[in-house]
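Right, one structure below, let's go through it.
The values are calculated or read from the model by the stated rules, or taken from the named source; none is laboratory data. The structure displayed is predicted, hence computed values, not measured ones. Note that each Cβ is placed from the backbone with ideal geometry, even for glycine, and that neighbours are counted across all protein chains shown.
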Amino acid sequence: MKRQVCIIFLLLIMIFPTVSFATETSSDTMILEWKTYKVWKDGENLCMSGEFENLRNDLKITRLNNFTAIITFMNNDGTSYQYVGQPEKMPMCKIAPNSKKRITFNLGKFDGNWTDWNVDAIYNFSYINGVNF
């Protein structure tokens with residue numbers, strides 16, 4: 001019985017080769033690119049929305065593992081300060097090849113004010129190589 005189950009399992013892997021691929025982890029911005037569209041305060045929380053774009057046609061992004069936003073806030077008087085934060089909860093982030101997904105992050109409590117902002121993001125993600133859709 002064990003032998004038959006093992007043979008059936010191996011046949012299924014040969015029929016559906018994408019099942020046999022393990023996920024890989026990367027932080028390569030040539031695979032997954034982040035663009036920030038908006039930074040705002042919602043009550044006491046700092047929020048940020050933007051879009052991830054999967055630039056490859058042979059990879060499926062399966063998960064966002066880590067995301068750190070480095071936001072530089074500028075004031076009218078020329079002063080600036082930085083805020084470094086991570087999302088309170090990591091959102092689901094499955095992105096098909098050559099696709100985009102808009103995401104909103106809640107970066108937690110924040111009590112500052114600003115007139116302009118600039119965002120740098122550091123992130124890593126998991127993907128499956130060789131996916132055919």
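May I ask you to list the residues in the stretch 102-119 that are over 24 Å from N54 (Cβ atoms) and aromatic (F, W, Y)? Matches in the stretch 102-119: F110, W114, W117. Could you list, in sequence order, all residues of the stretch 1-47 that are at pLDDT 90 or above and of a type in the set (K, R)? Scanning the stretch 1-47 gives K35, K38, K41.
Screening the candidates P87, P97 for the property of being within 17 Å of the chain's Cα centre (by Cα) and free of Cβ contacts under 8 Å to residues at least 24 places away in the same chain yields one hit, P87.
Check whether at least one residue in the stretch 48-61 is surrounded by 13 or more Cβ atoms within 10 Å (Cβ to Cβ), within 15 Å of Y123 (Cα to Cα) and modelled with pLDDT under 95, and report yes or no. Yes, the stretch 48-61 has at least one match.
Just checking, does the stretch 19-38 include any residue being of a type in the set (V, I, T), in contact (Cβ under 8 Å) with a residue 40 or more places away in the chain and assigned to a strand (DSSP E or B)? Yes: one or more hits. Considering every residue within the stretch 125-132, establish whether at least one is modelled with pLDDT of 95 or more and on the phi < 0 side of the Ramachandran plot. The answer is no; no qualifying residue exists. Any idea which residue in the stretch 87-112 is surrounded by the most Cβ atoms within 10 Å (Cβ to Cβ), counting only those that are under 12 Å from N45 (Cα atoms) and out of contact with any Gly (no Cβ under 7 Å at 6 or more places or on another chain)? Per the criteria, the residue is F105.
Checked against (1) without any contact (Cβ under 8 Å) to a residue 60 or more places away in the chain; (2) under 18 Å from the mean Cα position of the chain (by Cα), L107 passes all but a single condition, namely (1).
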